1. With everything on Cα atoms, drop me the angle between helix 242-255 and the longest principal axis of the chain, reported from 0 to 90° to the nearest 10.
2. Considering only 266, 100, 12, give the residue with the highest GNM mean-square fluctuation for the chain, with springs between Cα atoms whenever their separation is below 10 Å.
3. In whole angstrom, how far apart do the alpha carbon centroids of the stretch 237-271 and the stretch 91-157 sit?
4. For the chain, take the longest principal axis of its alpha carbons; what is the angle in degrees between that and the long axis of helix 9-19, to the nearest 10 within 0 to 90?
5. Given 0.36 nm per residue, what is the gain on full extension from residue 28 to residue 144 after removing their alpha carbon distance, in nm?
6. Could you work out how far apart the two model spin labels at residue 196 and residue 60 are, taking each label as a point 7 Å from the Cα in the direction of the beta carbon, and quote it in nm?
7. Sort 49, 269 so that the residue with the fewest other Cβ atoms within 10 Å of its own Cβ comes first and the one with the most comes last.
8. Taking the chain as the reference, fit the longest principal axis to its C-alpha atoms, fit the long axis of helix 87-100 to the helix C-alpha atoms, and give the angle between the two in degrees, 0 to 90, nearest 10.
């Protein structure tokens, strides 16, 4: 018979001191699981499991857990917890400790980070297909092509004189404070998915709103890549609510027909094809064994 796991109070306190995640308040309602996009599409990441292990002081087991690297850092688990437990904060702390203790070598982390940045290209491409309702099966060849091919940034060279600003569209952004933005770039510095401007750049989105360039931004796949992590809002020195601006843009895209009503459902379905591959590639990069 396998021995019972013995909780370690000292290690439990060490995790709590490093995270202030209040893991002891978790009552296992699984609300965090129901909001995690990786869990919903792969079943391979359970925030609740990580919180429970932290609450029992299973520090060393957590440091070697592959799941901590599957997290997109969207922090939805933090925001939905009725008891204000912060699973994402635990995951962030565990990642730092795994690197510091060389459980995950620095070189492996750099490869992981490079892959995570290029993965946003895949998210952009699949979103583009969902907008046009021409979603094709994602073969290994297409996955590699999308991963390795940067997006065309020719849109930056479009003369402003050829664009048609919308005052009403700009006003929609002003309600979230967009007019206060002076393009300092702090939102981009804080954004976990800003690696390449053509893929996703919160500052570019806010500038488009301030210029009233409704048609150009409502049709962009970029607005659907936002993780709603609220880091741009937290980082902004001018109190611009960046995540609310993007949420409103998404609503307008649906209201004004830039995307059809079935688009969100196509996108959710498409995510079920890309996130399992995302998880598999992380296993390969970091040397984790696939599940039986």
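Quick note: the coordinates plus some simple rules give every number you see, no bench work behind them. On a predicted model such as this, the values are computed, not experimentally measured, just so you know. Note: ideal-geometry Cβ built from the backbone for every residue, glycine included; neighbour counts use all protein chains shown.
1. So the helix axis and the longest Cα principal axis differ by about 60 degrees.
2. Comparing 266, 100, 12 in the GNM, the peak value goes to 100.
3. 21
4. With rounding to tens, the tilt is 20 degrees.
5. 37.9 nm
6. Label at residue 196, label at residue 60, 4.2 nm between them.
7. Fewest to most other Cβ atoms nearby, the residues stand as 269, 49.
8. That works out to roughly 70 degrees.
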